[in-house]
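The values are calculated or read from the model by the stated rules, or taken from the named source; none is laboratory data. All values derive from a computational prediction rather than experimental measurement. Because the Cβ atoms are built from the backbone with ideal geometry, glycine has one as well, and the counts that use them run over all protein chains shown. Quick note on the areas: whole protein, heavy atoms, side chains included, nothing else; ligands and nucleic acids left out. Shrake-Rupley method; radii C 1.70, N 1.55, O 1.52, S 1.80 Å.
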Amino acid sequence: MTAGIQSVGAYIPVRRVSNEELSKTVETSDEWIRSHTGIGNRHIASDEETCSYMATEAAKEALSKADMDKDEIDHIIVATITPDFKDFPATANLVQNNLGIGNIGSFDVKAACTGFAYGLELGRGLILGGTAKNVIVIGAEKLSAITNWKDRSTAVLFGDGAGAVVMTPRVDGEGLIDSILRTDGSGSDALYMPSGGTATPYIPGVTPEEDLYLNMDGRRVYNFAVKVNVDIVMELMERNGLTPDDVDYIVPHQANYRIILAASKRSGIPLDKYYLNMEEFANTSSASIPLALAEMDRKGLLKRGMKILTVGFGGGLTYGGNYIVW
Ligand code: ACO
């Protein structure tokens, strides 16, 4: 038995903010953002569009596409670095309540932009281990809440949204075949939230305002991202006896067009194998891979038997990916 993705759903916040609109409040331009990142727009959640709300809506769409009753779900996993509550309860618990499912397990995964790749593998583990039959795995982020809107080097990069999949057992040997999940903790200060944890609690009047938001050393993250993008894709192909011709799509974390372009050049894998949608949604961290899968599904691009690689990289520094036979 294997475990596979039965269906995909998404939730996109209503408010769409273009580069032009952003450049009215941040010192930047459409030309700079597009040429340095490939981003044209982002969707920004309202107060009512909390992380758990977006996650729940994405899960509802995935459930309806799976033609499955909510009570057939045994477990919920939410990958997020922007949970409704900082430490607990987990956002997955809120989604469980919102969906009205009783007596099941739920937990959050905190692996930044690699969170969804981790979540899928954990979902597979629950199914193969016999703990669960059907699992909802969600990537959901409200990054606008931890973005420093006064810092143009990060304010232009991020967006909000959620994507969800229903994972079910597969008896045909297809589905999620392999995952690589890695961390380089020595880079934990390259992209992080300096304040608010137990090591450096927020102290009113003492903690610098910028420490309350996401901090990033862009160049360091860029160099790391290009390298691990290539490493993960190559290792997944090698471990599974695949050549680039065998792979139908690579679905990368949608951080920056230039990262993907550099990875494509370095690996020799044609750019048109990579599915890209950062132009519309910007970087939505854990949500970006399931959002891309949901868009591909809506466009009818995903067919049973297709060979798909995901690759995630981000804060932590985390990196990893999945090999899926759709
Ligand atoms: N608009 C206009 N100018 C800007 C902006 C902006 N939004 N941001 C920076 N600049 C300026 C800088 O001030 C600098 O000006 P200077 O030369 O006068 O000092 C110049 O542009 C170049 O700045 P760099 O930071 O060197 O620009 P770079 O080419 O490295 O691009 C970027 C920056 C896009 C952030 C790049 O480093 C990158 O993509 N890094 C990876 C980021 C990433 O993907 N992070 C997410 C990981 S996902 C997660 O875990 C959440």
| Looking at region 1-93, which chymotrypsin sites (Phe, Trp or Tyr not before Pro) are in a loop (DSSP not H, G, I, E or B) and have at most 16 other Cβ atoms within 10 Å? | PHE85
| request: Determine the shape class of region 144-253: with a ≥ b ≥ c the square roots of the Cα gyration tensor eigenvalues, call it rounded for a/c under 1.5, and otherwise prolate if a/b is greater than b/c, oblate otherwise. | output: prolate
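Where a ≥ b ≥ c are the square roots of the eigenvalues of the C-alpha gyration tensor, would you call region 2-172 rounded, which needs a/c under 1.5, or, failing that, prolate if a/b is larger than b/c, or oblate? Let's see the in-between values first.
Values: a/c = 2.35, a/b = 2.09, b/c = 1.12.
Verdict is prolate for region 2-172.
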| message | Is the C-alpha gyration tensor of the chain telling us rounded, prolate or oblate? Criteria: a/c under 1.5 is rounded; beyond that, a/b larger than b/c is prolate, otherwise oblate. | response | oblate
| remark: Counting only protein heavy atoms and rolling a 1.4 Å probe, one gets per residue an accessible area for the chain in Å² of 41
| task | Report, in whole Å, the centroid distance computed from the Cα atoms of region 260-326 and region 128-144. | result | 18
| Do any trypsin sites (Lys or Arg not before Pro) in region 250-324 lie in a loop, going by DSSP, with at most 10 other beta-carbon atoms within 10 Å of their beta carbon, and if so which? | LYS299, LYS303, ARG304
| Which is the longest stretch in the chain that no exposed loop site breaks, taking sites as GluC sites (Glu not before Pro) with a DSSP loop state and at most 10 other Cβ atoms within 10 Å? | 49-326
| query | Percent relative contact order of the chain, based on C-alpha pairs within less than 8 angstrom and at least six residues apart? | reply | 26
| Taking K and R as +1 and D and E as -1, what net charge do the other residues with C-beta under 12 Å from the C-beta of ASP248 add up to? | +1
| request: Report the local net charge at PHE281: Lys and Arg +1, Asp and Glu -1, summed over other residues whose C-beta lies under 12 Å from its C-beta. | output: -3
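Say the cut-off is 21 Å between C-alpha atoms; which of LYS70/LYS299; LYS65/LYS303; LYS273/LYS299; LYS110/LYS142; LYS60/LYS307 go over it?
Numbers: LYS70/LYS299 25 Å; LYS65/LYS303 15 Å; LYS273/LYS299 16 Å; LYS110/LYS142 14 Å; LYS60/LYS307 26 Å.
As for pairs spanning more than 21 Å Cα to Cα, those are LYS70/LYS299; LYS60/LYS307.
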| query | When the accessible area of region 47-98 is split by element with a 1.4 Å probe, what percent falls to carbon and sulfur? | reply | 47
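Kindly rank 158-170, 217-229 from highest to lowest mean number of other beta carbons found within 10 Å of each residue.
Final packing ranking: 158-170, 217-229.
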| query | With each pseudo-label sitting 7 Å past Cα toward Cβ, what's the ASP272-ASN240 distance in nm, one decimal? | reply | 2.2
| field | Label-point separation, SER29 to THR131 (7 Å along Cα→Cβ), nm | value | 5.3
